[in-house]
Amino acid sequence: MADTNARLKERLGRITFRAWRRGFREADLVLGPFAEQVGPTLETAELDALEAMMEAEDRDLYGWITGTEPVPTEHDGPVMAKLQTFMRDHVAAVVAEGAG
């Protein structure tokens with residue numbers, strides 16, 4: 001069990017690092033906090049889906065999250081729905097604090 005927890009923690013660390021360093025700041029500001037706050041609650045299959053999405057081009061992924069571009073079938077699932085909800089909630093919270 002400890003080995004499994006250590007591997008999961010390491011995997012989440014890699015995902016979070018990558019989420020914060022996409023090279024497209026707008027995507028970083030959604031994916032980084034999402035990975036930190038929601039990542040630990042995701043099931044293994046959801047982490048797989050998140051990693052697969054993160055293979056996409058930054059602008060495409062950001063467009064899917066914001067709803068300005070249609071989500072491809074292979075990425076249109078529970079993790080994308082969580083990302084889109086997080087985006088709406090996260091942006092609303094930041095704007096309410098006076099940023100933006």
Is it the case that some residue within the stretch 22-32 is out of contact with any helix residue (DSSP H, G or I) (no Cβ under 9 Å at 6 or more places or on another chain), surrounded by 12 or more Cβ atoms within 10 Å (Cβ to Cβ) and either assigned to a loop (DSSP other than H, G, I, E, B) or free of Cβ contacts under 8 Å to residues at least 24 places away in the same chain (or both)? no
Output yes when any residue across the stretch 69-76 is at pLDDT 95 or above, touching a helix residue (DSSP H, G or I) at 6+ places or on another chain (Cβ under 6 Å) and assigned to a loop (DSSP other than H, G, I, E, B), and no when none is. yes
Just a yes or no: is a residue in the stretch 33-41 over 11 Å from the mean Cα position of the chain (by Cα), part of a loop (DSSP other than H, G, I, E, B) and closer than 20 Å to V91 by Cα? no
Filter result (surrounded by 18 or more Cβ atoms within 10 Å (Cβ to Cβ) and over 10 Å from the mean Cα position of the chain (by Cα)) within the stretch 63-89: W64, V71, H75
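What do you reckon, is G13 at negative phi, crowded, with 16+ Cβ neighbours inside 10 Å, over 10 Å from the mean Cα position of the chain (by Cα) and not basic (K, R)?
So G13 fails the test.
Just one of G39, G23 is among the small types (G, A, S), at pLDDT 95 or above and under 23 Å from L12 (Cβ atoms); which is it? Let's see the steps before the verdict.
Numbers: G23 fails: at pLDDT 95 or above.
None of the others qualify; the one that does is G39.
The values are calculated or read from the model by the stated rules, or taken from the named source; none is laboratory data. Since the structure is predicted, the reported quantities are computational estimates derived from the model, not experimental observations. Note: ideal-geometry Cβ built from the backbone for every residue, glycine included; neighbour counts use all protein chains shown.
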